[in-house]
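What follows is a single structure, written as structure tokens, with notes after it.
The values are calculated or read from the model by the stated rules, or taken from the named source; none is laboratory data. Nothing here was measured: the structure is a model prediction, and the numbers come from that model. Note that each Cβ is placed from the backbone with ideal geometry, even for glycine, and that neighbours are counted across all protein chains shown.
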Amino acid sequence: MRAGDVRVDGVVVRDPERRTRADAKIEIGNIEGGPVARRYLMLNKPRGLVTTTSDEKDRDTVYACFAGAGLPWIAPVGRLDKASEGLLLFSNDSAWAARVSAANSGVDKCYHVQVACLPDANLYESLCAGVELAGERLLAKAVRELRRGEKNAWLEITLDEGRNRHIRRLLAAFDIQVLRLIRVSIGPLQLGNLGKRLWRELTSEEVDGLNV
């Protein structure tokens, strides 16, 4: 690819992470490839993997979870940072992926978050009211407590937009440390009991349910 042997719709492409339409005309050397079937997957991302195809620091990536599966090119739909866990989507349908992952898509994303404090109702109200950080408004759509121990608590935080490290930055504005962050749903799609590092295909009903 970097040698210029790959063309997409007649244009030389050297970036292996470039998103390409599923119906694009792909040529490798003098060999023309036909349209690739659209694939839609969900992964239960474990902590410690970065959401990229390769990493300049040689860290393990989420693609290690697909090793040996014989999948076509797929790209993450949105991201989870290295320390975060849970539901992560992948697809080779770039138009669908762009709609689902857009910051203003309106698709709710729900997270279970362990925090290093015992919060109260005032904090929940403040998180929903939001804060202004570097010209960007960060807030939660909804917050509720799931359970608490002696020193920390688990919260359920719902966002209706997705910004970079949204929850971590929002909580940090209130001097709250995040111990664990797990995405459990995107719109109607639930992580369910899918095991860590495991993945599965979405059903057509699940794909349609995320159309926005």
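A few remarks follow.
- Picking from residues in the stretch 42-70 that are more than 14 Å from the chain's Cα centre (by Cα) and surrounded by 15 or more Cβ atoms within 10 Å (Cβ to Cβ), the one that is farthest from H112 (Cα to Cα) is F66.
- Meets criteria (in a loop (DSSP other than H, G, I, E, B) and either of a type in the set (F, W, Y) or surrounded by 17 or more Cβ atoms within 10 Å (Cβ to Cβ) (or both)) for G192: no
- Qualifying residue in the stretch 100-113 (condition: modelled with pLDDT under 90, in contact with a helix residue (DSSP H, G or I) (Cβ under 7 Å, 6 or more places away or on another chain) and within 26 Å of A172 (Cα to Cα)): yes
- Residue among V178, V184 that is under 20 Å from the mean Cα position of the chain (by Cα) and within 17 Å of G78 (Cα to Cα): V184
- Elements of the type strands (runs of 3 or more DSSP E) sitting completely within the stretch 67-184 and holding at least 2 residues that are assigned by TED's automatic domain parsing to the domain that holds R197, among the aliphatic types (A, V, I, L, M) and at negative phi: these cover 75-77, 85-91.
Okay, residues lined up against (1) over 20 Å from G187 (Cβ atoms); (2) among the β-branched types (V, I, T):
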site	(1), (2)
L133	yes, no
R137	yes, no
I157	no, yes
R163	no, no
H166	no, no
L171	yes, no
F174	yes, no
